[in-house]
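Below is one structure, written out as structure tokens; the observations come after it.
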Amino acid sequence: MVIVGSGFAGFTCARKLCRTLAAAGDDTEVVLVSPTDYMLYTPLLPDVAGGLIDPRFVAVSLTDAVPRVRLIVATAESIDLNNKRLTVTSDHHGTRELTWDRLVLTPGSVTRLFDVPGLPEHGRGLKTVAEALYLREQLIRQLELADHEDDPDIRQARRTVVVVGASYAGTELVAQLRALADTYAARRGFDPSEIRFLLLDMADRVMPEVGEKLSDQVLSVLRGRGIDIRLGMSLKELTGDRVVLTDGTTVPTYTVAWVTGVTGAPVLGTLDLPMERGRLTVDADLRLPGHPDVFAGGDAAAVPDLTHPGKITPPTAQHATRQGKILARNVAASLGIGAPVPYKHRDMGLVVDLGPRFAVANPLGFRLSGLPAKAVTRAYHTYAVPRGLNRWAITLTYLTNAVTPRPLTLLGLVSPEEASFHASEGIRHEV
């Protein structure tokens with residue numbers, strides 16, 4: 001059997017399925033196809049972009065975590081459901097075809113792009129390590145260049161950051177970048193308010209996922225940190241040194257982050273199957289209708305929300321992890337081990353880290369903010385990372401950063417091309 005994707009759903013499915021098969025004495029081979037040899041804990045990418053956490057600590061080695069699987073480091077390019085063939089490619093070998101008797105589609109998601117001129121060339125997302133590292137290094141690089149810039153307009157442009165998307169990922173990102181910029185200003189001895197942050201969203205409030213009360217608190221805290229928040233607004237056009245907002249305003253800048261939501265991975269488009277919001281339509285047991293040997297979950301699947309009839313589950317790590325467990329159980333059941341079950345969940349709430357001394361959370365419906373929410377948020381993420389060594393490293397990092405400032409070393413690890421939507425996420429762009 002073949003699992004496509006090593007995100008939360010695919011990783012959890014592979015690990016649980018291997019254990020289930022081993023316990024039953026079943027020697028079915030599990031093949032995991034992934035463009036990377038690690039599972040990425042994406043909720044902490046804003047911390048990577050903000051220079052708080054080393055990217056190694058949010059990458060969980062697949063070789064160590066799921067040693068029983070046969071790992072193929074490659075990208076799934078197309079899927080032939082009728083002939084049960086999967087075409088994969090990589091930088092290190094030619095095109096190959098794999099066959100399966102059971103297929104699990106968990107290729108995850110990519111940043112949702114809109115038809116905004118200049119966006120693919122000049123914007124950057126936050127779905128991969130390359131993108132997170134690039135945003136960190138781009139901010140530091142522009143701040144250093146601004147220190148030696150004689151033209152005040154260019155200096156201000158280099159000290160201006162635009163983040164599009166005020167859901168929890170974009171809000172976490174702007175908060176962490178603001179903290180990194182404040183650290184830089186303190187070290188260089190100038191007023192942090194000279195570094196301008198602009199957060200845009202077409203919605204009428206920031207982070208609507210956490211409810212009106214917590215959303216208002218987030219808005220107040222971010223504005224108190226000098227972040228210019230403009231709701232009901234997005235980008236009309238980007239160039240290499242400026243953006244044009246939908247109200248016609250021009251903002252000179254060299255750093256633009258696009259964090260406006262996700263859609264299913266490009267390979268899903270090769271299936272010619274019903275989709276909803278860029279995700280495959282599946283039954284409650286996570287099977288593709290009409291294809292009993294094919295399963296899908298995580299960000300790749302529009303899973304019916306049995307607790308809210310007529311809706312689908314949101315593309316969050318919480319749901320992907322739980323669906324991974326159900327995928328493993330139902331795939332095993334299709335092999336004669338156990339019985340299948342539908343996916344039904346209970347919402348455990350959200351945790352959102354918003355930089356120094358502040359976070360918001362609503363675990364099990366209890367609204368928290370400030371330091372209590374910060375403690376809950378960091379405890380949750382540390383616990384949720386699925387490997388002890390990574391948890392230990394993250395814990396030590398948090399403790400170290402409680403008493404030391406963020407590092408500002410510019411390493412030049414990621415080029416603009418490597419962090420582009422095409423290279424880092426595989427999003428094709430037609431010129």
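The values are calculated or read from the model by the stated rules, or taken from the named source; none is laboratory data. All values reported here derive from a predicted model rather than from experimental measurement. Positions of Cβ are generated from backbone atoms using ideal geometry, with glycine treated the same way; all protein chains shown enter the neighbour counts. Note: accessible area is taken over every heavy atom of the protein model, side chains too, but ligands, DNA and RNA are not part of it. Shrake-Rupley method; radii C 1.70, N 1.55, O 1.52, S 1.80 Å.
Here are a few things to note about the model shown:
- Taking each residue as 0.36 nm, the span from Glu29 to Asp101 lengthens on full extension beyond its C-alpha to C-alpha distance by 24.9 nm.
- Positive-end ranking of Ser193, Ala301, Gly224 along the dipole of region 186-313, with charges on Cβ about the Cα centre, is headed by Ser193.
- Taking label positions 7 Å along the Cα-Cβ direction at both Thr307 and Thr270, the computed distance is 3.6 nm, reported to one decimal.
- Set of lysines with alpha-carbon distance to Lys84 below 26 Å, sequence-local pairs under 8 removed: Lys16, Lys325
- Dipole of the chain computed with +1 at Lys/Arg Cβ and -1 at Asp/Glu Cβ about the Cα centre; of Leu235, Gly269, Val376, farthest Cα towards the positive end is Val376.
- Positive dipole terminus of the chain, leading residue within Ala22, Val104, Gln142 (C-beta point charges): Ala22
- Comparing mean-square fluctuations of Lys127, Lys236, Lys213 from a GNM of the chain with C-alpha springs under 10 Å, the top value falls on Lys213.
- Carbon and sulfur %, accessible surface of the chain computed with the full protein complex present, 1.4 Å: 53
- Residues whose amide H comes within less than 5 Å of that of His345, counting only those at least five positions distant or on another chain, are Leu306, Thr307 (H built at 1.01 Å from N in the peptide plane).
- Zone of Asn83's modelled label, taken as backbone nitrogen in region 257-293 under 14 Å from a point 7 Å along Cα→Cβ: none
- Label zone (Arg188, point 7 Å along Cα-to-C-beta; backbone nitrogen cut-off 14 Å) within region 129-147: 137-147.
- Cross-link partners of Lys127 among aspartates and glutamates, defined as those whose alpha carbon lies under 14 angstrom from its own and excluding same-chain residues fewer than eight positions apart: Asp47, Glu172, Asp299, Glu418, Glu425.
- Packing around the peptides 31-37, 401-407, taken as the average count of other Cβ atoms within 10 Å per residue, puts them in this order, highest first: 31-37, 401-407.
- Placing unit charges on the Cβ atoms only, positive for Lys and Arg and negative for Asp and Glu, gives the chain a dipole magnitude near 1480 debye about its Cα centre.
- The alpha carbon centroids of region 171-198 and region 2-31 are separated by 44 Å.
- Cβ-placed point charges (K, R +1; D, E -1), dipole of region 217-371 about Cα centre in debye, nearest 20: 540
- Ellipsoid semi-axes in whole angstrom, largest first, where each is sqrt(5λ) of the Cα gyration tensor of region 132-282: 31, 19, 15
- Net lengthening on full extension, Lys344/Leu396 (0.36 nm per residue, minus Cα-Cα): 15.1 nm
- Per-residue Karplus couplings for region 364-371, computed as 6.51 cos²θ - 1.76 cosθ + 1.60 with θ equal to phi - 60°, are listed in order as 6, x, 8, 7, 10, 8, x, 5 Hz, Gly and Pro entered as x.
- Label reach from Arg230 (point 7 Å along Cα→C-beta): in region 168-187, no amide nitrogen lies under 15 Å.
- Cα-based reach from Lys213 at 18 Å (exclusive), listing lysines while leaving out same-chain residues under 8 positions away: Lys374
- Within the listed set Leu52, Leu145, Leu354, the Gaussian network model of the chain (springs between alpha-carbon atoms below 10 Å) gives the highest mean-square fluctuation for Leu145.
- Fluctuation leader among Ser420, Ser369, Ser334 - the chain, Gaussian network, Cα springs under 10 angstrom: Ser334
- In a simple Cβ point-charge model (Lys, Arg +1; Asp, Glu -1; nothing else charged), region 1-87 has a dipole of about 180 debye relative to its Cα centre.
- Region 204-281-region 300-336 distance, computed between alpha-carbon centres (Å): 26
- Nearest 10 degrees, 0 to 90: helix 8-24 Cα axis against the chain principal axis: 30
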